[in-house]
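The values are calculated or read from the model by the stated rules, or taken from the named source; none is laboratory data. All figures in this text were calculated on a predicted structure; none of them were measured in a lab. Here the Cβ positions follow ideal geometry from the backbone for every residue, glycine too, while neighbour counts run over all protein chains shown.
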């Protein structure tokens, strides 16, 4: 049987990095980790072909070759997913759909033949068995969570690996916290499940064999949730693997702000190669944090916590939200001040949205405040709920806040703040040709024709004289700023679609 694995295109969003990828001649930020893991669970006798629409187009020849199509997607990919499904149906190819988009909203996709929902380790074998017997059901789901120590190594060989800016792997699933706007626990539960360090090393070896020497993203929603295992097993294994193989790959991941409370853990992470962490800070307002169930962010000096993590050697990227019920129009300036003082260069700020399956979604529905389905892009200046704050004030405040944060003057100020607080990189990366070419392109696009050219050259000059080892990071962040301004211009150019 010929299996066509399809990954829909990402729209032009904050995290797509489409405008930044052009500087390094890459097509996509990350590979479809879920699909290549599913591929490893299929019968070995089946032929597999992956088409990631972020990397290459779907051809008629691909459809003619396929016996069945597997589509996986996140909510932000829903428009592209619909087009893909329609094209498969027009070609009379059965469609199997799974992943977060379909697990929480499969009713919205009537054209799909079979839904294999929740985690594939449990639902995919049931579907494959029924398919072999000629009795496949339309819907497969479960309330249990699998033991991921049995999850196979992803089939990296399906990727055109040079087209991606980073590789991805997963150590754990689940999150112990109960934030009412987050759907992670809906999808993966509260209990933390981890792979073994041997599994992670096997995955890293697989990536290395493909010739990969660049960044790797640990896609865990909270990497530090199982601290004891990290300290005793995984991080020492990563340190040993790096030393024995002489690799210079750097890692990045997502975690909670209480990382700042554990100096030993931060030191081990930096020694293991981690140089970036994304943290959901959300808001500097304790009332909003308490109301949304994010108590672990309260009763702490988050500004000092961010500095502590950055001083340890990890750049903090941050998620922020406006539009909580307790927010007043003063929230926009408070967010600006926090972000500027923290040196969080990559600050993803969005208006609160209610995702299907979350407590927030159910509350908005019961209160008659739910407007529509979420776009899945929490930085597109829209919301699917009726806010307490006047909608016009919310939208205007958000637009002005984003324009302020990503104006060249303020953006480059944050780069300098970050570099001042960060020590010399512990991991000395070798200069790659792609980095050199990105730098040369940036000198023209940002330094000659860009409206930020004064700030660009001033920042480069300061970095060369004060933080020379951080020059690659400074150039990368400057390029990110170019992307963020492009996205802001796209999403904030029209303020008329205010929720009412």
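Do the conditions hold for residue 171, that is, is it at pLDDT 95 or above, in the same structural domain as residue 350 (by TED's automatic domain parsing) and out of contact with any helix residue (DSSP H, G or I) (no Cβ under 7 Å at 6 or more places or on another chain)? The answer is no for residue 171. Of all residues in the range 69-110, those satisfying the criterion of being touching a strand residue (DSSP E or B) at 6+ places or on another chain (Cβ under 8 Å) and either over 20 Å from residue 11 (Cα atoms) or not assigned by TED's automatic domain parsing to the domain that holds residue 122 (or both) are 69, 70, 88, 89, 93, 94, 95, 96, 106. Among the residues making up the range 315-327, a single one is surrounded by 22 or more Cβ atoms within 10 Å (Cβ to Cβ), assigned to a loop (DSSP other than H, G, I, E, B) and out of contact with any helix residue (DSSP H, G or I) (no Cβ under 6 Å at 6 or more places or on another chain): 327.
Does residue 304 meet the test of being modelled with pLDDT of 95 or more and either out of contact with any helix residue (DSSP H, G or I) (no Cβ under 7 Å at 6 or more places or on another chain) or not assigned by TED's automatic domain parsing to the domain that holds residue 246 (or both)? Yes, satisfied. Quickly run through the range 222-242 and pick out the residues that are modelled with pLDDT of 95 or more and not in a helix (DSSP H, G or I). 222 - this is the single residue of the range 222-242 that is modelled with pLDDT of 95 or more and not in a helix (DSSP H, G or I). Would it be correct to say that residue 339 is in the same structural domain as residue 257 (by TED's automatic domain parsing), in contact (Cβ under 8 Å) with a residue 60 or more places away in the chain and part of a strand (DSSP E or B)? No: the conditions fail for residue 339.
Out of curiosity, is residue 289 assigned to a helix (DSSP H, G or I) and over 30 Å from residue 326 (Cα atoms)?
Details: assigned to a helix (DSSP H, G or I): yes; over 30 Å from residue 326 (Cα atoms): no.
No; evaluated as a whole, the condition is false for this residue.
Listed here are the helices (runs of 4 or more DSSP H) enclosed by the range 48-143 that have at least 3 residues being surrounded by fewer than 21 Cβ atoms within 10 Å (Cβ to Cβ): 60-65, 78-90, 120-132.
Which one is modelled with the lowest pLDDT among residues in the range 466-500 that are touching a helix residue (DSSP H, G or I) at 6+ places or on another chain (Cβ under 7 Å) and outside any helix (DSSP H, G or I)? It would help to see each step written out before you state the result.
Within the range 466-500, the subset touching a helix residue (DSSP H, G or I) at 6+ places or on another chain (Cβ under 7 Å) is 467, 470-472, 474-475, 477-483, 486, 488, 492, 495, 498-500.
The next check asks that each one be outside any helix (DSSP H, G or I); those that pass are 467, 495, 498-500.
Numbers: 467: 91, 495: 44, 498: 34, 499: 34, 500: 31.
Once the filter is applied, the top-ranked residue is 500.
The test for being assigned to a helix (DSSP H, G or I) and buried (at least 18 other Cβ atoms within 10 Å of the Cβ) holds for residue 310.
Note on the range 11-31: among residues that are over 12 Å from the mean Cα position of the chain (by Cα) and outside any helix (DSSP H, G or I), the one that is farthest from residue 99 (Cα to Cα) is 25.
Take residue 178 and tell me if it is free of Cβ contacts under 8 Å to residues at least 24 places away in the same chain, outside any strand (DSSP E or B) and more than 30 Å from residue 21 (Cα to Cα). Write out each step before concluding.
Numbers: free of Cβ contacts under 8 Å to residues at least 24 places away in the same chain: no; outside any strand (DSSP E or B): yes; more than 30 Å from residue 21 (Cα to Cα): yes.
No, not satisfied.
Okay, residues lined up against (1) in a loop (DSSP other than H, G, I, E, B); (2) without any contact (Cβ under 8 Å) to a residue 12 or more places away in the chain; (3) surrounded by fewer than 15 Cβ atoms within 10 Å (Cβ to Cβ):
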{"site": "329", "(1), (2), (3)": "yes, no, yes"}
{"site": "364", "(1), (2), (3)": "no, no, no"}
{"site": "377", "(1), (2), (3)": "yes, no, no"}
{"site": "389", "(1), (2), (3)": "yes, no, no"}
{"site": "396", "(1), (2), (3)": "no, no, no"}
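Residue 199 meets all of the listed conditions (1) touching a residue at least 40 places away in the same chain (Cβ under 8 Å); (2) within 20 Å of the chain's Cα centre (by Cα); (3) part of a helix (DSSP H, G or I) but one, namely (2). Quick check: is even one residue across the range 202-218 at pLDDT below 95 and at positive phi? Yes, the conditions are met somewhere in the range 202-218.
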